[in-house]
1. Would you mind finding the one in Glu111, Glu117 that is surrounded by fewer than 18 Cβ atoms within 10 Å (Cβ to Cβ), over 21 Å from Glu180 (Cβ atoms) and at pLDDT below 90?
2. Would a scan of the range 159-172 turn up a residue that is of a type in the set (Asp, Glu) and part of a loop (DSSP other than H, G, I, E, B)?
3. Output the number of the condition that Ala155 fails; it satisfies all remaining conditions of (1) touching a strand residue (DSSP E or B) at 6+ places or on another chain (Cβ under 9 Å); (2) in a loop (DSSP other than H, G, I, E, B); (3) among the hydrophobic types (A, V, I, L, M, F, W, C).
4. Check off (1) within 24 Å of Pro314 (Cβ to Cβ); (2) in contact (Cβ under 8 Å) with a residue 40 or more places away in the chain; (3) surrounded by fewer than 20 Cβ atoms within 10 Å (Cβ to Cβ) for Phe408 and give me the number that stays unchecked.
5. From (1) more than 22 Å from Asp252 (Cβ to Cβ); (2) surrounded by fewer than 13 Cβ atoms within 10 Å (Cβ to Cβ); (3) touching a residue at least 12 places away in the same chain (Cβ under 8 Å), pick out the condition that doesn't hold for Tyr53.
6. Hey, could you check the range 299-332 for residues that are surrounded by 12 or more Cβ atoms within 10 Å (Cβ to Cβ) and of a type in the set (D, E, K, R) and say which is farthest from the chain's Cα centre (by Cα)?
7. For Gly376, only one of the following conditions fails: (1) over 43 Å from the mean Cα position of the chain (by Cα); (2) at pLDDT below 90. What is its number?
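The values are calculated or read from the model by the stated rules, or taken from the named source; none is laboratory data. Only a predicted model underlies this, so the values are computations on that prediction, with no experimental measurement involved. Here Cβ is always computed from backbone atoms with ideal geometry, including for glycine, and neighbour counts include all displayed protein chains.
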Amino acid sequence: MQFELNSEYLNQLKTAIVEQNDVFLKSQLSELYAVDIALILNQLDLEESIYLYDQIDEELSSDVLLEMEDEKREALLATFSTKEIAEQLDNMDSDDAADVINELPEEIQEEVLSQIEDIEQASDIADLMSFEEGTAGSLMAKELVSVHAHETVSACIDEIRRQTESVDVLYAVYVVDEHEKLIGMLSLKKLIISHPLAKIEEIFDGDVISVKTSASSEEVADLIRKYDLVVLPVIDQLGRLVGRITVDDVVDVMREEAEKDIQLMSGITDDVDSNDSLWRLSRARIPWLLVGMCGGIVGSRIIGSYEDQIQIRPEMAFFIPLIGATGGNVGVQSSAIIVQGLANNTLIADKIAPKLLKELSVGLINGVICSSLILGYNLLINESWALAGTVSVALFTVILCASFLGTFVPLMMNRFKINPALATGPFVTTLNDIIGISIYFLVGRILYGIL
């Protein structure tokens, strides 16, 4: 049954903590997964978290630590001695341990590493910490299973038994040459059905997808998503096998990138969440609010420049919100489709022009439909052909322009290595507001003069 945290259950735990009812706490925690316990710890204050964490089974405690929110985990670790932190890291995969130790103050990182009992684990963690954040090297884990091509099936099985002591889940068996260079993968099925004296070089699959340590996390995510991989081997610049990245690590990257893009699309420039301080939340939002405000000022100046026209035809002011809102919506829709295509790598260089033409065609159809509806509406409630024609023609033109801008702007941003998600938020909306208002009054000046 799926665990759901509610206030009643949380209050029961808090009461048990105050009463130091360890029997009740241990019985409750024994029925929960690590992620569920982490969810509880995230809702408790520091003192309560410390007491409850002490009740967690030792084999589960490191998993719980990994599942906690970053800020809560940092606060909890700050109460640990370096020896206690080292004990927790000793029970983690090397990639997870490296992530945790990177969150610690620099002055204690070396001390923590020196107190890890498993020397090989400490060496792996130190190696992973040397890689730049956001690269395959920083994502990979050093724990893996590899065999040499010249070995027999029987010797290979013995080697797998030995190596799997440090690997929780066996995703793949990699084949390397005498220089530790990755040359292929070994199917467990072939390993089982092959003769014990058969050579690995006779049965392994040489078609293996790998990535270098310097590759970006986005490239890693794209490869795993494109080829439906569960695990991806990592090689160094010489082609030597140095680690592997599992799909669960990439899911975290995908989620973080998606959250980042959503925030950028909403006009939030920093990586923030609801638990951050008021100042940090305000600082992340204010830049694009100021951009939108500046756009509003420009729009007001444009309207002001047509003041004489509004005084003569005040009914034109009624449809300013319609023009601005429709243009903004169309622009956001178009840019969202393009950003999605760029994120999924479904847009390639030689197909950008057809994509632009397709979005313009969609804009043309939508423009005809919307402008026809607003023309009919105006003719029903208003006898002025000039106003009806102005609003319809302006709306049609604005929809076309917004479709073009919503498609073109993110493509250009991507070309100049700027995150195109910026284009789907206040940027396109503000730009379309300014252009839409200008088009509206320009069309009005022309059509009112004719009609």
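1. None of the other options fit; the residue is Glu117.
2. yes
3. Single failed check for Ala155: (2).
4. Condition not satisfied by Phe408: (1).
5. For Tyr53, the exception is condition (2).
6. Arg313
7. (2)
A quick yes/no check of all residues on (1) assigned to a strand (DSSP E or B); (2) among the aromatic types (Phe, Trp, Tyr); (3) at pLDDT below 90:
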{"position": "Ile192", "(1), (2), (3)": "no, no, yes"}
{"position": "Glu201", "(1), (2), (3)": "no, no, no"}
{"position": "Val208", "(1), (2), (3)": "no, no, no"}
{"position": "Asp222", "(1), (2), (3)": "no, no, yes"}
{"position": "Val234", "(1), (2), (3)": "yes, no, no"}
{"position": "Gly243", "(1), (2), (3)": "yes, no, no"}
{"position": "Asp249", "(1), (2), (3)": "no, no, yes"}
